1. Checking residue 267 against (1) assigned to a helix (DSSP H, G or I); (2) among the basic types (Lys, Arg); (3) touching a strand residue (DSSP E or B) at 6+ places or on another chain (Cβ under 7 Å), which single condition isn't satisfied?
2. For the range 215-250, give me each residue that is outside any loop (DSSP other than H, G, I, E, B), within 12 Å of the ligand (Cβ to nearest atom) and in contact with a helix residue (DSSP H, G or I) (Cβ under 8 Å, 6 or more places away or on another chain).
3. Suppose we keep only residues that are surrounded by 16 or more Cβ atoms within 10 Å (Cβ to Cβ) and charged (D, E, K, R) within the range 123-145. Which one would you say is nearest to the ligand (Cβ to nearest atom)?
4. Of (1) within 14 Å of the ligand (Cβ to nearest atom); (2) of a type in the set (S, T, N, Q); (3) in contact with a helix residue (DSSP H, G or I) (Cβ under 9 Å, 6 or more places away or on another chain), residue 115 satisfies all except one. Which?
5. Restricting to the range 45-67, what's the tally of residues that are surrounded by fewer than 12 Cβ atoms within 10 Å (Cβ to Cβ) and either touching a His at 6+ places or on another chain (Cβ under 9 Å) or of a type in the set (Lys, Arg) (or both)?
6. Of everything in the range 133-152, what is assigned to a loop (DSSP other than H, G, I, E, B) and in contact (Cβ under 8 Å) with a residue 40 or more places away in the chain? Give them in sequence order.
7. Go through (1) surrounded by fewer than 23 Cβ atoms within 10 Å (Cβ to Cβ); (2) free of Cβ contacts under 8 Å to residues at least 60 places away in the same chain; (3) within 28 Å of residue 339 (Cβ to Cβ) for residue 155 and report which single condition fails.
8. Just give me the residues in the range 189-214 being away from the ligand (no atom under 16 Å from the Cβ) and in contact with a Leu (Cβ under 8 Å, 6 or more places away or on another chain), in sequence order.
Amino acid sequence: MRRPLVRDDLRSMEGYHSPQVDVEVRLNTNEAPFPPPDEFQEAFINEVTKVDWNRYPDRLAQSLREDLAALHQVQPEQVFVANGSNEVLQTICLTFGGHGRTALTFEPTYAMYGQIARTTQCRVAQVQRDEAFRVSLDVLERGIETENPALMFLCSPNNPTGTPESSAVIEAALALSSAAVVVDEAYGQFADFTALDMFGSHDASESLIVTRTFSKTWSMAGVRLGYCIAPSWMMDEFQKVVLPYHLDSVKQIAGQVALRFQDQMEKRVTQIAGERKRVSESLTLMELDVWPSQANFILFRTTPCDLSGNEVWKRLLDRSVLVRNCSTWPGLDDCLRVTLGTEQENTIFLEALKEVLQ
Ligand SMILES: *Cc1c(COP(=O)(O)O)cnc(C)c1O
């Protein structure tokens with residue numbers, strides 16, 4: 001029997017890889033180390049008993065969008081909700097990408113931008129960040145001029161480097177191109193800067209899209225819920241490409257109930273920011289190259305020591321500590337990314353790393 005041929009452009013592509021190894025300390029996927037509060041569980045279980053199981057969900061997730069709009073002080077018509085911000089990104093790519101168009105990324109950055117864009121047959125143009133992993137105005141201008149992108153992805157703070165974006169760069173991106181400018185704020189609450197402030201005040205906000213997720217700060221990676229704030233004219237376009245009833249009733253409830261516990265979320269963020277300071281300082285004391293982070297992870301380079309990044313990664317794994325091995329990613333030679341866990345997990349990581357480097 002012959003197999004049906006997959007699309008030509010898919011044959012050379014690879015799927016997303018982040019090994020889920022069974023270890024004691026898992027610090028490789030930037031999840032929150034704590035679950036949502038017990039009160040969340042109780043409230044959620046109570047709300048779920050009200051679901052009309054035989055009926056399709058509210059197709060537009062109206063109540064959830066209203067709650068998110070209130071949270072960010074925008075209109076519900078500016079909120080689009082989907083199955084994780086990855087589905088938001090896919091919806092954006094289906095709307096603005098596709099065959100014959102170009103998506104611009106600033107490397108190193110979140111690999112899913114290119115991956116998702118390509119699955120919509122969009123061409124991907126990559127430009128490099130500077131040594132501090134910043135998007136310089138220079139690079140931005142050149143990228144826009146030479147590639148004429150239909151959409152571009154700025155990640156703030158950037159995964160995997162932890163660097164936030166500046167309003168100057170986003171304003172320049174909006175002013176210099178007619179592209180959809182996506183600012184991915186998956187880690188937005190950990191940072192000093194948010195592009196959300198640019199809605200309302202900014203003329204060019206006709207092309208600004210800010211994405212957020214419940215996966216990180218809201219401690220709900222298991223739920224797969226994300227959203228974006230965008231100009232209201234885009235909503236009708238997004239509805240053309242997204243599957244009807246893509247967001248199930250249970251998930252809509254989970255999101256709404258989660259939002260009732262914003263205080264606890266903010267406390268967790270503060271706690272992790274404290275750990276970020278402590279772990280950064282310890283890594284610096286070990287004489288590693290450490291990049292200042294505004295997210296819940298830290299990127300560091302092992303070069304000042306004698307061991308390669310890959311070797312350090314393996315030896316940490318031998319000690320049942322899993323971090324993200326970025327050492328083969330372009331521009332990230334010998335770099336590892338560690339997610340901030342609980343205080344105890346971070347201490348175990350630091351002790352293991354000290355041992356490895358000795
Ligand atoms: C983790 C992460 C996301 C989250 O994706 P979800 O689909 O919402 O889980 C989005 N963007 C970046 C840069 C991330 O690191």
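The values are calculated or read from the model by the stated rules, or taken from the named source; none is laboratory data. These numbers were taken from a predicted model, which means no experiment stands behind them. Note: ideal-geometry Cβ built from the backbone for every residue, glycine included; neighbour counts use all protein chains shown.
1. Result: residue 267 fails condition (3) only.
2. The first filter runs over the range 215-250 and keeps only residues outside any loop (DSSP other than H, G, I, E, B), leaving 221-223, 226-229, 233-241, 249-250.
Right, trim to within 12 Å of the ligand (Cβ to nearest atom) and you get 221-223, 226-228.
Answer for the range 215-250, where residues must be outside any loop (DSSP other than H, G, I, E, B), within 12 Å of the ligand (Cβ to nearest atom) and in contact with a helix residue (DSSP H, G or I) (Cβ under 8 Å, 6 or more places away or on another chain): 223, 226, 227, 228.
3. Looking at residues that are surrounded by 16 or more Cβ atoms within 10 Å (Cβ to Cβ) and charged (D, E, K, R), I get 129.
4. Among (1) within 14 Å of the ligand (Cβ to nearest atom); (2) of a type in the set (S, T, N, Q); (3) in contact with a helix residue (DSSP H, G or I) (Cβ under 9 Å, 6 or more places away or on another chain), the lone unmet condition for residue 115 is (3).
5. Count: 2.
6. We begin by selecting, within the range 133-152, every residue assigned to a loop (DSSP other than H, G, I, E, B); these are 133-136, 148-150.
Correct list: 133, 148, 149, 150.
7. (1) is the only condition that residue 155 fails.
8. Looking only at the range 189-214, we keep the residues that are away from the ligand (no atom under 16 Å from the Cβ), and these are 192, 197-208.
Scanning the range 189-214 gives 198, 199, 202, 204, 205, 207, 208.
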